[in-house]
Structures are given as C-alpha cells and as structure tokens.
Amino acid sequence: MSGPAPGRLTKHQRQHRITKLLESQPVTSQAQLVALLADEGVDATQTTVSRDLEDLGAMKVRLPGGETAYALPELPVHQVAPEDHLRRVLGEWVVEVGHSGNLVVLRTPPGSAHVVGSALDRSAVVGVVGTVAGDDTVLVVVSEEVGGDAMATRLRDVAGVAAAHKIALNGKDGD
C-alpha cells in the first residue's frame, strides 16, 4: 500500500499543516487557507478545508481593528505551546492586564478570551495554576508563591501591554 499522491496529504497531515498556518498568521477566510496550503504544495478544496476547520474546532474570532480570523480553541493536550506562540497570542489579543492577590485578569476583544486562556493553559508558565475564560475576560489563578503582581507584570511584558495607572476605590493611587 502506498501513501497519498504528491500534493495530497492524509487528513491528519493536512490538519497539522492547517493548525500551523492558523498559529503563525491571521487567516481570514477558507479561500485564503486553500491558497496558503497551495503555496506549500498541498492540494485541498474549500469543502475539504471547511470540514478540516470544523474537525479542528476552529472558530472565527474578532481581531483588534474589527477583522475576523480563524483560531483554534486549544492545542493538543499533550503539546506544550512554545513561548513565541504565547507571545503572539497575548500580543494580538490581550488589551489590558490587572491583578488582585493571586489572581490576574486579562481583557481581550469580545470572543477572544478562550484563545488566550488556552494558550496560557498550554504554555507551562511557572506559577499559573489554571485559567477560566469568558467572552472577553480571562481569569488567571496564580500560585501564592509567585503572586498576582509578579504574574501580571510578566504577562504585561509578554503581551506588550503598558501598565495602566489605576485609582483605588478609596481615592488613593493604586495598581
């Protein structure tokens, strides 16, 4: 028995390529994804790509500026996301970082929090106990040894988000 014909990959090989493309750049349409695959020498129809995106659980998320692009809700459970993946995801979708005690709150554009939460869950960042993602907010639970202040600073740095000056409820300057 022989493998797939040149230009044709197995379903899993093609979906792996699609995953890498979605992680490396904004892909705004199925037609664009077909063209990107063709650039890599992979023959795929829009119908096939549509089924692959559904199998992968890809969904459209709103990027800063209003454009939408496909994103994967999570990487495979056994795979640790590389630091550059976390930097790219946080840099694209985190717009604000705050903290209280051992909790960090990340704000994202609507519909993007799950992508950020999943990237953090898969990144193996020391001190992150876990995340809970809503529509536009990710709650990051941080170990008490690391603390929310230190983690908020680290995540701000990774995301490239400037620290916002905040006024505490009692009227005194706070952070």
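What number of residues within the stretch 118-129 are within 15 Å of the chain's Cα centre (by Cα) and either modelled with pLDDT of 95 or more or not β-branched (Val, Ile, Thr) (or both)? So that I can check it myself, show each step before the final result.
The initial filter retains those residues of the stretch 118-129 that are within 15 Å of the chain's Cα centre (by Cα), namely 118-125.
The next check asks that each one be either modelled with pLDDT of 95 or more or not β-branched (Val, Ile, Thr) (or both); those that pass are 118-124.
Matching residues across the stretch 118-129 total 7.
Which one of these does Val104 not meet: (1) buried (at least 17 other Cβ atoms within 10 Å of the Cβ); (2) modelled with pLDDT under 85?
(2)
How many residues does the stretch 107-136 hold that are touching a residue at least 12 places away in the same chain (Cβ under 8 Å), closer than 17 Å to Met151 by Cβ and surrounded by fewer than 16 Cβ atoms within 10 Å (Cβ to Cβ)?
Selection size over the stretch 107-136: 4.
Restricted to the stretch 138-175, and to residues that are of a type in the set (S, T, N, Q) and out of contact with any strand residue (DSSP E or B) (no Cβ under 6 Å at 6 or more places or on another chain), which residue is modelled with the highest pLDDT? Reasoning before the result, please.
So in the stretch 138-175, the residues of a type in the set (S, T, N, Q) come out as 143, 153, 170.
Filter once more, so that each one left must be out of contact with any strand residue (DSSP E or B) (no Cβ under 6 Å at 6 or more places or on another chain): 153, 170.
Details: Thr153: 94, Asn170: 40.
Step by step, filter the stretch 138-175, then rank; the result is Thr153.
State which residue pairs qualify: first residue at pLDDT below 90 and inside the stretch 45-67, second residue polar (S, T, N, Q) and not in a helix (DSSP H, G or I) in any location, beta carbons under 7 Å apart, and separation of 6 or more residues or different chains.
Lys60/Thr68; Val61/Thr68; Val61/Ser112; Arg62/Thr68; Arg62/Ser112; Glu67/Thr28
Being of a type in the set (D, E, K, R) and either assigned to a loop (DSSP other than H, G, I, E, B) or more than 19 Å from the chain's Cα centre (by Cα) (or both) is the filter here; which residues of the stretch 134-165 pass it?
Of the residues in the stretch 134-165, the ones of a type in the set (D, E, K, R) are 135-136, 144-145, 149, 154, 156-157.
Selection gives Asp135, Asp136, Glu144, Glu145, Asp149.
If you scan the stretch 46-62, which residues turn out to be closer than 11 Å to Arg14 by Cβ and not aliphatic (A, V, I, L, M)?
Thr48, Arg51, Asp52, Asp55
Have a look at Ala44, Ala69 and point out the one that is assigned to a loop (DSSP other than H, G, I, E, B), open to solvent by less than 50 Å² (accessible area, probe 1.4 Å) and in contact with a helix residue (DSSP H, G or I) (Cβ under 9 Å, 6 or more places away or on another chain). First the steps, then the outcome.
Details: Ala69 fails: assigned to a loop (DSSP other than H, G, I, E, B).
So the residue among Ala44, Ala69 that is assigned to a loop (DSSP other than H, G, I, E, B), open to solvent by less than 50 Å² (accessible area, probe 1.4 Å) and in contact with a helix residue (DSSP H, G or I) (Cβ under 9 Å, 6 or more places away or on another chain) is Ala44.
The values are calculated or read from the model by the stated rules, or taken from the named source; none is laboratory data. Treat the numbers as computed from the prediction; the structure is a model and nothing was measured. When we count neighbours, we look across all protein chains shown, and the Cβ atoms used for this are built from the backbone with ideal geometry, even at glycine. SASA here: full protein model, heavy atoms, side chains in, ligands and nucleic acids out. Shrake-Rupley method; radii C 1.70, N 1.55, O 1.52, S 1.80 Å.
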